[in-house]
1. Kindly evaluate Lys158 against the criterion of being among the charged types (D, E, K, R), surrounded by 24 or more Cβ atoms within 10 Å (Cβ to Cβ) and closer than 28 Å to Glu19 by Cβ.
2. Considering each residue of the range 58-78, count those that are surrounded by 14 or more Cβ atoms within 10 Å (Cβ to Cβ), away from ligand 1 (no atom under 16 Å from the Cβ) and over 29 Å from Glu175 (Cα atoms), and give that number.
3. Filtering the range 407-449 down to residues that are of a type in the set (A, V, I, L, M, F, W, C) and closer than 25 Å to Gly148 by Cα, which residue is farthest from ligand 2 (Cβ to nearest atom)?
4. Would the range 112-123 turn up any residue that is touching a residue at least 40 places away in the same chain (Cβ under 8 Å), assigned to a loop (DSSP other than H, G, I, E, B) and away from ligand 1 (no atom under 15 Å from the Cβ)?
5. Tell me which residues, restricted to the range 492-509, are over 14 Å from Ala563 (Cβ atoms) and surrounded by 14 or more Cβ atoms within 10 Å (Cβ to Cβ).
6. So, Glu437, is that one over 18 Å from the mean Cα position of the chain (by Cα) and either at pLDDT below 95 or not assigned by TED's automatic domain parsing to the domain that holds Glu68 (or both) or not?
7. Only one of Leu53, Leu132 is touching a helix residue (DSSP H, G or I) at 6+ places or on another chain (Cβ under 8 Å) and either within 14 Å of ligand 1 (Cβ to nearest atom) or in a helix (DSSP H, G or I) (or both); which?
8. Residue check: is Thr109 in contact with a strand residue (DSSP E or B) (Cβ under 9 Å, 6 or more places away or on another chain), modelled with pLDDT of 95 or more and within 15 Å of ligand 1 (Cβ to nearest atom)?
Amino acid sequence: MRWSRYYLYTTREVPADAEVVSHRLMVRAGMIRKEAAGIYSYLPFGWRSLRKLSAIVRREMDAAGAVELHMPVVHDADLWRESGRWQAYGRELLRVKDRHERDFCLGPTHEEVVTDIVRRDVRSYRQLPTNLYQIQVKFRDEIRPRFGLMRGREFIMKDAYSFDVDDAGLDAAYEAMDLAYQRIFTACKLEFSRVEADTGAIGGSSSHEFMVLAETGESEVVSCRECGYGANVERAETRPLAAPEPEEPAERREVHTPDCATVAEVAELLGVGPERVVKTLLYETTAGPVAALVRGDREINEIKLANHLEVPEVTLAGEALVRSLSGADVGFAGPVGLPDSVRLIADDSVRGLTNFVCGANKTDAHLTGVNLERDVDLAEFTDLLLVTGGDACPRCGNELGLSRGIEVGHIFKLGAKYSEAMSCNYTDEEGRERPMEMGCYGLGIGRTVAAAIEQNHDDKGIIWPLPLAPFTVLVLPLTNRDESVVGAAEGVYQDLVARGVDVLLDDRDERPGVKFNDADLIGVPVRVVIGSKSLADGNVEISLRRDGEKELVPVEGAVERAAELAAG
Ligand code: ATP
Ligand code: MG
């Protein structure tokens with residue numbers, strides 16, 4: 001490609017909403033253009049990278065036995081009513097009406113459509129297993145679209161759906177996808193980690209996420225260096241916490257704790273460790289008001305709480321609700337004497353506590369010397385703990401490390417959730433009708449490219465991993481006014497094209513400084529610089545964007561060397 005004929009316009013301007021570096025660089029390198037919140041055009045330079053990733057994804061999906069198809073963007077509401085998600089999906093589902101006032105939605109995911117396809121074609125166990133995939137546009141009306149392609153409203157996803165006769169079949173399909181994902185992210189030369197993920201209250205049995213590790217990632221993951229355990233903190237477990245030394249039950253007393261609304265303040269005032277304080281958080285849920293209890297030095301994992309309650313989400317009670325339930329300002333709720341309408345649920349860490357401190361359900365007051373059974377009837381214990389770095393690995397006991405990551409892929413065993421709801425059945429060997437066992441496997445195409453940049457850049461611009469680079473070689477003549485330079489650049493360019501290398505020739509009539517800045521910004525991995533001086537000695541200069549080290553290569557050998565570097 002000749003830059004003068006291409007459509008690539010770099011810019012210094014950074015949009016005000018670009019909080020992360022990948023977003024800034026994708027805009028500056030002329031890869032994407034925002035059309036509306038969370039809605040982007042993929043400009044030619046950006047689109048090339050998405051296509052490279054798509055090709056890798058297709059190759060690995062095909063190799064794993066999945067079959068490509070293409071489903072519609074616009075879905076009939078009736079299918080979503082059948083699965084129950086017309087209501088349940090909530091406000092991320094963009095609902096629209098056609099000219100006949102019929103309901104449709106823009107597909108945020110395709111379980112309904114694919115299940116409808118398969119139930120019409122597949123009748124017998126002989127036709128199973130099958131796995132269908134597509135690379136396609138999704139629409140989710142995200143509450144906070146941000147970070148460019150990372151969290152868009154309209155975005156491109158690879159989604160695959162497997163159909164099997166039984167659990168063993170599903171396990172095999174899941175494993176094949178798991179391996180395919182590992183091969184994809186390895187092929188992209190990304191540093192990634194595969195972690196256990198939350199499956200939600202009504203989710204399937206098993207789920208893993210693939211995380212590209214990066215400081216700016218929205219997800220937190222814990223991992224164990226010893227045994228390889230890894231989990232999203234939403235789901236992570238740890239071993240039971242060491243309980244403070246038990247004490248003889250003391251008298252329960254109410255103490256004056258003015259302005260002490262946090263555990264730290266209360267603990268300091270009363271001269272006890274925060275692990276001897278019980279934190280009581282009031283939540284509003286569709287299952288009624290809930291008081292969740294956790295040891296004062298720890299936090300509640302709200303996803304675990306929602307899963308335990310079998311509700312989609314829980315919301316911390318606002319000031320007014322806290323006052324009406326506890327009779328006190330925020331910060332003074334406690335398990336003793338809350339109204340019966342409030343369901344008490346305690347994290348396992350509370351179980352071993354004696355003589356603990358908790359809110360008195362009275363502003364500026366706490367109780368000390370509180371003991372389970374004698375003072376409070378707590379029957380419901382479960383794991384509500386937010387695991388963090390330094391906790392013990394649930395498998396081997398070693399210390400867990402904490403890191404941030406960008407979730408780029410998600411694989412999920414759905415089981416019979418959709419096949420049962422939508423009668424996607426097959427006849428088994430004995431002639432019985434049974435629902436198919438399903439799995440679904442998503443991979444964000446745009447998000448992965450953004451994550452690759454997040455992981456590979458410097459202060460000058462992008463440093464593409466070769467497999468995702470829009471072009472692998474940039475030929476950069478320093479002037480358009482020296483015919484020998486123009487001729488040599490042209491020759492190198494044409495030969496590289498002939499060899500099938502993705503090469504960009506910067507034939508713009510620009511100063512060398514401008515060309516070098518742009519070259520650093522767009523991050524093409526291999527650079528061939530041709531200038532009058534070195535060419536007079538018969539040489540060109542070849543360098544890698546990653547380390548910038550230059551080598552002088554005789555002009556006759558330049559194509560060979562550049563092609564070799566571009567092959568990785
Ligand atoms: P998140 O927790 O980030 O919202 P999700 O659990 O909703 O993700 P899935 O439904 O599992 O995501 O979608 C599969 C993949 O699609 C994700 O792993 C991610 O790579 C991509 N993806 C999901 N939502 C978006 C989005 N709003 N913008 C870009 N990519 C997305
Ligand atoms: Mg989401």
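1. yes
2. Qualifying residue count, the range 58-78: 2.
3. Of the range 407-449, the ones of a type in the set (A, V, I, L, M, F, W, C) are 408, 411-412, 414, 416, 421-422, 424, 436, 438, 440, 443, 445, 449.
Those still in the list that are closer than 25 Å to Gly148 by Cα too: 408, 411, 443, 445, 449.
Working: Val408: 13, Ile411: 15, Leu443: 14, Ile445: 15, Val449: 18 Å.
Out of the qualifying residues, it is Val449.
4. Yes, the conditions are met somewhere in the range 112-123.
5. In the first step, residues of the range 492-509 are kept if they are over 14 Å from Ala563 (Cβ atoms); the result is 504-509.
Leu504, Leu505, Asp506, Asp507, Arg508 - these are the residues of the range 492-509 that are over 14 Å from Ala563 (Cβ atoms) and surrounded by 14 or more Cβ atoms within 10 Å (Cβ to Cβ).
6. Criteria not met by Glu437.
7. Residue meeting the stated conditions: Leu53.
8. Values: in contact with a strand residue (DSSP E or B) (Cβ under 9 Å, 6 or more places away or on another chain): yes; modelled with pLDDT of 95 or more: yes; within 15 Å of ligand 1 (Cβ to nearest atom): yes.
The answer is yes for Thr109.
The values are calculated or read from the model by the stated rules, or taken from the named source; none is laboratory data. Keep in mind that what you see is a predicted model, and the values were worked out from it rather than measured. All Cβ positions, even for glycine, are placed from backbone atoms using ideal geometry, and neighbour counts span all protein chains on display.
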